[in-house]
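Single-structure report; data block below.
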Amino acid sequence: MRGSGFWGRWVAAAAAMMIAATPAAAQFSDSYKFLKAVRDRDGNVVTEMVEKPGSTIINTKETTSGDTALHIVVKRRDATWLNFLLSKGANPNIRDGEGNTPMIAAAQLRFADGIQTLIAGKGDVNATNSRGESPLIIAVQNRDVASVRLLLAAGADASMPDRIAGMSARDYARQDGRSDIILKMIEDAKGTKPKGPVAGPTL
């Protein structure tokens, strides 16, 4: 009888643990399914999942990299899907595991159309990653004239220093003798008021 009681309590405890773990497991499963649908460009599945009442799946993160749906589509330079996800409520300032916002990821890839779309979606042009790098610092380092122009027009601060070298976008432009045109753009923008969002491409 005593043994029977022990096993009964053990089975009940195990069942309770399984029930408690179910919501977390379901969430993990939904996250995987959602991010896979984004990677597969499956608009029907993505729409169904994000439009469920109370759903926050659109901002879910991959467990290893911290990538969100926005990071995934930026990395494949997909302005159409970027616009689509923003229209469904994706957070344009969400960060991956290294603190990179989608706009920082776009700057790293010289993806000017993506930067333009994120600016239109109220992305923060002065958000920095874990190294203190802003989209403008990265665009200057890449000598990406188109992205620098967009960022400055949206109010990017060329004086913000990073945490690696303590240098700002202006400093990097001055240091690089091949970036005269970018330095001129920064100096011309100095003291001007930030402008409103730049219109992005239509979906």
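The values are calculated or read from the model by the stated rules, or taken from the named source; none is laboratory data. The shown structure was predicted, so the numbers you read here are calculated from the model rather than taken from an experiment. With ideal geometry, Cβ positions are generated from the backbone for all residues, glycine too; neighbour counts draw on all protein chains shown.
The set of residues in segment 83-94 being assigned to a helix (DSSP H, G or I), over 13 Å from Ala106 (Cβ atoms) and among the hydrophobic types (A, V, I, L, M, F, W, C) consists of Phe84, Leu85. Of all residues in segment 146-174, those that are among the polar types (S, T, N, Q) and either exposed (fewer than 13 other Cβ atoms within 10 Å of the Cβ) or assigned by the TED database to the domain that holds Ala106 (or both) total 1.
Let's see how each residue does on (1) of a type in the set (Gly, Ala, Ser); (2) at pLDDT 95 or above; (3) in a loop (DSSP other than H, G, I, E, B):
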site: Asn44; (1), (2), (3): no, yes, no
site: Gly66; (1), (2), (3): yes, yes, yes
site: Arg77; (1), (2), (3): no, yes, yes
site: Trp81; (1), (2), (3): no, yes, no
site: Arg110; (1), (2), (3): no, yes, yes
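Remark: pairs (first residue in segment 38-60, under 16 Å from Ser87 (Cα atoms); second residue surrounded by 11 or more Cβ atoms within 10 Å (Cβ to Cβ) and among the basic types (Lys, Arg); Cβ separation under 6 Å; 6+ apart in sequence or on different chains) = Val50/Lys88; Ile58/Lys88. Screening Arg110 against (1) on the phi > 0 side of the Ramachandran plot; (2) surrounded by 20 or more Cβ atoms within 10 Å (Cβ to Cβ); (3) not aromatic (Phe, Trp, Tyr) leaves a single unmet condition, (2).
Consider segment 116-158 and keep the residues that are outside any loop (DSSP other than H, G, I, E, B) and among the hydroxyl-bearing types (Ser, Thr, Tyr). The one that is farthest from Leu85 (Cα to Cα) is Ser147. Looking across segment 26-54 at every residue that is of a type in the set (S, T, N, Q) and closer than 24 Å to Gly99 by Cα, the one that is surrounded by the fewest Cβ atoms within 10 Å (Cβ to Cβ) is identified as Gln27.
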